[in-house]
Amino acid sequence: MKTRDERIRYVIRHRDGHFINIRCEPTHDFMKVDRWVTEDDVQAFLHGYYAPPDPDNYYAVPIKVTYELETEVSQ
């Protein structure tokens, strides 16, 4: 049985270093922002209706998300 899995997701980062969430609110903590499945999804958001005012100043940054099954305590 598989107990560990890793996935690559993408977050949106400004050229100045901060990240943004889907409401375009800035933060320096990438754990507080939305994760996108592909870079194309990020580009679609950055050039869509809800894009930040200056979308060319943002880019996709890959992050690795690790899922690991915790050991169960026997009863």
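Every number in this text was worked out from the coordinates using simple rules, so none of it is lab data. Owing to the predicted nature of the structure, the values given are computational and were not obtained by experimental measurement. Here the Cβ positions follow ideal geometry from the backbone for every residue, glycine too, while neighbour counts run over all protein chains shown.
Key figures for this structure:
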{"quantity": "Listed residues Trp36, Thr66, Ala51: farthest to the positive end of the dipole of segment 27-69 (Cβ charges)", "calculated": "Thr66"}
{"quantity": "Debye, to nearest 20: dipole size of segment 27-69, +1 on Lys, Arg Cβ, -1 on Asp, Glu Cβ", "calculated": "140 debye"}
{"quantity": "Mean Cβ neighbour count within 10 Å, used as a protection proxy, ranking 37-43, 3-9 highest first", "calculated": "37-43, 3-9"}
{"quantity": "Spherically averaged projected area of segment 13-55 from its Cα convex hull (nm²)", "calculated": "2.9 nm²"}
{"quantity": "Within the chain, percent of DSSP bridges classed antiparallel, to nearest 5", "calculated": "100 percent"}
{"quantity": "Within segment 6-75, chymotrypsin sites (Phe, Trp or Tyr not before Pro) in DSSP loop having at most 10 other beta-carbon neighbours inside 10 Å", "calculated": "Tyr49, Tyr50"}
{"quantity": "Cubic angstrom per residue, convex hull over Cα atoms of the chain", "calculated": "120 Å³"}
{"quantity": "The chain, relative contact order in percent, only Cα pairs under 8 angstrom and at least six apart counted", "calculated": "44 percent"}
{"quantity": "Per-residue [θ]222 nm for the chain (sum of -39500 (n - 2.57) over DSSP H runs n ≥ 4, rounded to 500)", "calculated": "-3000 deg cm²/dmol"}
{"quantity": "Residue among Arg35, Arg23, Arg13 with the largest mean-square fluctuation in a Gaussian network model of the chain, springs linking Cα atoms under 10 Å", "calculated": "Arg23"}
